[in-house]
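Every number here is computed from the coordinates shown, using simple stated rules; none is lab data. Fair warning: this is a prediction, and the values are worked out from it, not measured in the lab. Cβ atoms come from the backbone with ideal geometry, glycine included; neighbour counts cover every protein chain shown.
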């Protein structure tokens, strides 16, 4: 019986390195960011007591477009739509590259 420990090729690496190796880093980052944005918009809507109908009116868009914005699995969101959604709940958007 061997007492040599099993080695794990990911042992000691961080999760980002693993995602990069798997080729899914950007997608995972995008999904996480969209979930955070949706949560922040939903929280702001609740605090402002805004229904989806009122929110869509403030954005000058359709309810179905707002549903796509608030869908955490829909990663397609144009920046101008994001700015409209933020403005509708009294927020601003800050984007930066690191």
Original post:
So how much slack lies between residue 49 and residue 21, counting 0.36 nm per residue of separation and subtracting their Cα-Cα distance, in nm?
Top reply: 5.7 nm
Original post:
When the helix-only estimate is applied to the chain (DSSP H runs of n ≥ 4, each -39,500 (n - 2.57), divided by the residue count), what is the mean residue ellipticity at 222 nm, nearest 500 deg cm²/dmol?
Top reply: -17500 deg cm²/dmol
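With contacts defined as alpha carbon pairs under 8 Å and 6 or more residues apart, what's the relative contact order of the stretch 15-88 in percent?
Relative contact order comes out at 33 percent.
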Subject >> Whether the stretch 31-73 is rounded, prolate or oblate, judged on the alpha carbon gyration tensor where a/c under 1.5 counts as rounded >> reply: oblate
**OP:** Could you tell me how many degrees, from 0 to 90 and to the nearest 10, lie between the Cα long axis of helix 79-88 and the main elongation axis, the longest principal axis, of the Cα atoms of the chain?
**Re:** 60 degrees
Original post:
Mind checking the angle between helix 25-47 and the chain's longest principal axis? C-alpha axes, 0 to 90 degrees, to the nearest 10.
Top reply: 40 degrees
**OP:** Among (i) 17.8; (ii) 13.7; (iii) 15.9, find the value of Kirkwood radius over Cα pairs in Å that was calculated from the structure presented, and write down its label.
**Re:** (iii)
**OP:** Starting from the Cα of residue 78, step 7 Å toward the Cβ, then list every residue of the stretch 43-62 with an amide N under 14 Å from that point.
**Re:** 60-62
